[in-house]
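Structure first, then comments.
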Amino acid sequence: MSGPTSDVPRHVSRLVPPGPSVRTHGASGPVPLSIELRVDGDPEALGRLLAAVEPLRADDDAAIVTDADAETVRFLAVLAVIEGRVPMPDYDLADPSLKWHAPAGVAAVPNPPSMVTPVDGRTS
Amino acid sequence: MSEPAPAPAPAPHGQGTVVLPAAQHTFTLEPGRPVVMGIINTNPGSFSDTVHLASLDAQLERAMAFVAQGAGIIDVGTDSGVTYGASIPLEQQVAAAVPLVEALVAEGVPVSIDTPYAVVARATLEAGACMINDVSGLADLAIARLCAAHDAALVILHTRVGHKQEAFLDFPDVVADIEDLFEERTAMAVAAGLARERVVLDPGLGYSKPPSDDVALLRAYDTFIARGLAILTGASRKLYAGVITGAPPTDRLPETIATVAAVRRAPGFVRVHDVGAVRAYLDAAASAEVSRR
């Protein structure tokens, strides 16, 4: 999660779902605000924001103003796919940016042998 | 001298509530109010933790911080399920996990052990763990026998590949396959002596399934809930959600909370790294529902 004191790059959703408009503080918009909440990089505040956003997730007339606008859109995008309001986007499972990787200095061993050890005389 | 007033009858559990006995603990699991399971890894195989906790003191401190943030159980991982690295030797897993389990149990904290290994399960159950989170889908039936012997709970996770194997299988009907595995493995556990009420079901988000099947199983939660058993959801930083938003594994908190939102009607547990944020979400969502009634 990003915030004013974070140097982590913010990630903008590749899928922008239908539903509320989400924008940052200071931006103007044509509709009255439904929610206005600053998160300031606090994960628990983000949790409370998303709980407030959730009931509005399919409301095209709602407007949410927050500094966690990117995070809010990502939350809405995942729910929209799960609920079938937008299709699952195409994806490439070979995309390395989506997966965990062995960190620098650690040798990768893809799909190492499973090691389920039998006990009580039973061989797995 | 007047007769003492009769003890009040226990409040009846709400519809859909599941009571899970797990060794010295009993979890009353209500729909909409899942217990948050905080993840602590004891070995260097996992890089899912943003900060590796090398010492027992650091692991205990993190675990107790999770409890303070609202975790109801700590899941101790002894051998990460990551598919890019080899397993940790079993004796090393035991040596790392047992002192942490003993320390948490001494603090009264319920402890689950994330392991497919019976040797690790045995040692940690003897140290006081109340649940085994068997991420192999009960590949070794000895795990069920050990849980039965210790009156512990057992998580049966859906997967069709071995531990630490990356695979995206082509399921004709993933929900039917999950149901088949739940039925079969629950029966095996019961036949091994475990009470059915001690079984916890995990549909296995991200295990042997392509992301589209993860979405399909999330849409089918009512089917799993209908089994009347506790449900565990590994909700943290999942690939399927990263596919939707493009966020990398290290930055998927909104995606994790969306997953929790999708499953929180299930009586059970949500297994996460970001305990405080998820607890804050769940508490706020529950309060909002009460105020809307």
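Considering only residues of segment B:231-252 that are more than 28 Å from B:Asp180 (Cα to Cα) and surrounded by fewer than 24 Cβ atoms within 10 Å (Cβ to Cβ), which is farthest from the chain's Cα centre (by Cα)?
Among residues in segment B:231-252 that are more than 28 Å from B:Asp180 (Cα to Cα) and surrounded by fewer than 24 Cβ atoms within 10 Å (Cβ to Cβ), the one farthest from the chain's Cα centre (by Cα) is B:Gly246.
From the list B:Gly128, B:Gly228, exactly one residue is at positive phi, surrounded by fewer than 18 Cβ atoms within 10 Å (Cβ to Cβ), at pLDDT 95 or above and away from every other protein chain (no Cβ under 13 Å). Which is it? Steps first, please.
Working: B:Gly128 fails: surrounded by fewer than 18 Cβ atoms within 10 Å (Cβ to Cβ).
Going through B:Gly128, B:Gly228 in turn, the sole match is B:Gly228.
Could you check how many residues of segment B:66-93 are assigned to a helix (DSSP H, G or I), over 19 Å from B:Leu125 (Cβ atoms) and in contact (Cβ under 8 Å) with a residue 12 or more places away in the chain?
Residues meeting the conditions: 3.
Tally the residues that are within 7 Å of chain A (Cβ to nearest Cβ) and assigned to a helix (DSSP H, G or I), restricting the search to segment B:233-246.
Keep residues of segment B:233-246 that are within 7 Å of chain A (Cβ to nearest Cβ), which gives B:239, B:241-246.
Narrowing the set further to residues that are assigned to a helix (DSSP H, G or I) leaves B:239, B:241-245.
The total comes to 6.
What residue, among those in segment A:81-101 that are more than 7 Å from every other protein chain (Cβ to nearest Cβ) and touching a residue at least 60 places away in the same chain (Cβ under 8 Å), is nearest to A:Pro55 (Cα to Cα)?
Across segment A:81-101, the extreme among qualifying residues is A:Arg85.
Among (1) free of Cβ contacts under 8 Å to residues at least 60 places away in the same chain; (2) crowded, with 24+ Cβ neighbours inside 10 Å, where does B:Gly206 come up short?
So B:Gly206 meets the others, but not (2).
Do we have B:Leu100 as over 17 Å from the mean Cα position of the chain (by Cα) and assigned to a helix (DSSP H, G or I) here? Don't jump to the end; show me each part of the working.
Details: over 17 Å from the mean Cα position of the chain (by Cα): yes; assigned to a helix (DSSP H, G or I): yes.
Answer is yes for this residue.
Would you mind telling me which numbered condition in (1) facing another protein chain (nearest Cβ under 7 Å); (2) in contact with a helix residue (DSSP H, G or I) (Cβ under 7 Å, 6 or more places away or on another chain); (3) surrounded by fewer than 24 Cβ atoms within 10 Å (Cβ to Cβ) B:Thr223 fails?
Answer for B:Thr223: the failing condition is (1).
When you scan segment B:247-271, how many residues do you find that are within 11 Å of chain A (Cβ to nearest Cβ) and not in a loop (DSSP other than H, G, I, E, B)?
Residues of segment B:247-271 within 11 Å of chain A (Cβ to nearest Cβ): B:247-264.
Checking which are not in a loop (DSSP other than H, G, I, E, B) leaves us with B:253-263.
The total comes to 11.
State which residue is surrounded by the most Cβ atoms within 10 Å (Cβ to Cβ) when the search covers only segment B:18-42 and only residues that are polar (S, T, N, Q) and farther than 17 Å from B:Ala103 by Cα.
Applying the filter and picking the extreme gives B:Thr28.
Just one of (1) assigned to a helix (DSSP H, G or I); (2) more than 17 Å from A:Arg57 (Cα to Cα); (3) not β-branched (Val, Ile, Thr) trips up B:Leu282, so point out which.
In the conditions (1) assigned to a helix (DSSP H, G or I); (2) more than 17 Å from A:Arg57 (Cα to Cα); (3) not β-branched (Val, Ile, Thr), B:Leu282 misses (2) alone.
Among residues belonging to segment A:49-69 that are over 18 Å from B:Arg264 (Cβ atoms), buried (at least 20 other Cβ atoms within 10 Å of the Cβ) and of a type in the set (A, V, I, L, M, F, W, C), point out the one that is nearest to the other protein chains (Cβ to nearest Cβ).
Across segment A:49-69, the extreme among qualifying residues is A:Ala68.
From the residues in segment B:136-170 that are within 13 Å of another protein chain (Cβ to nearest Cβ) and β-branched (Val, Ile, Thr), which one is farthest from B:Leu20 (Cα to Cα)?
Only one residue tops the list, namely B:Val161.
I need a count of the residues in segment B:181-215 that are of a type in the set (S, T, N, Q), within 14 Å of chain A (Cβ to nearest Cβ) and assigned to a helix (DSSP H, G or I).
The number of residues fulfilling the criteria is 1.
Of the residues B:Ala266, B:Ala285, only one is small (Gly, Ala, Ser) and touching a Ser or Thr at 6+ places or on another chain (Cβ under 8 Å); which?
B:Ala266
Quick one: would you say A:Ser124 is modelled with pLDDT under 90, in a helix (DSSP H, G or I) and at the interface with another protein chain (Cβ under 7 Å from one of its Cβ atoms)?
no
In this structure, does B:Val175 turn out to be in a strand (DSSP E or B) and either closer than 25 Å to B:Val76 by Cα or over 17 Å from the mean Cα position of the chain (by Cα) (or both)?
no
Could you please give the count of residues in segment B:49-92 that are surrounded by fewer than 18 Cβ atoms within 10 Å (Cβ to Cβ) and either modelled with pLDDT under 85 or over 25 Å from B:Lys164 (Cα atoms) (or both)?
Qualifying residue count, segment B:49-92: 13.
Please specify each residue of segment A:66-80 satisfying the condition of being in contact with a strand residue (DSSP E or B) (Cβ under 9 Å, 6 or more places away or on another chain), charged (D, E, K, R) and in contact (Cβ under 8 Å) with a residue 60 or more places away in the chain.
Of everything in segment A:66-80, just one residue is in contact with a strand residue (DSSP E or B) (Cβ under 9 Å, 6 or more places away or on another chain), charged (D, E, K, R) and in contact (Cβ under 8 Å) with a residue 60 or more places away in the chain, namely A:Asp67.
The values are calculated or read from the model by the stated rules, or taken from the named source; none is laboratory data. The structure displayed is predicted, hence computed values, not measured ones. Cβ atoms come from the backbone with ideal geometry, glycine included; neighbour counts cover every protein chain shown.
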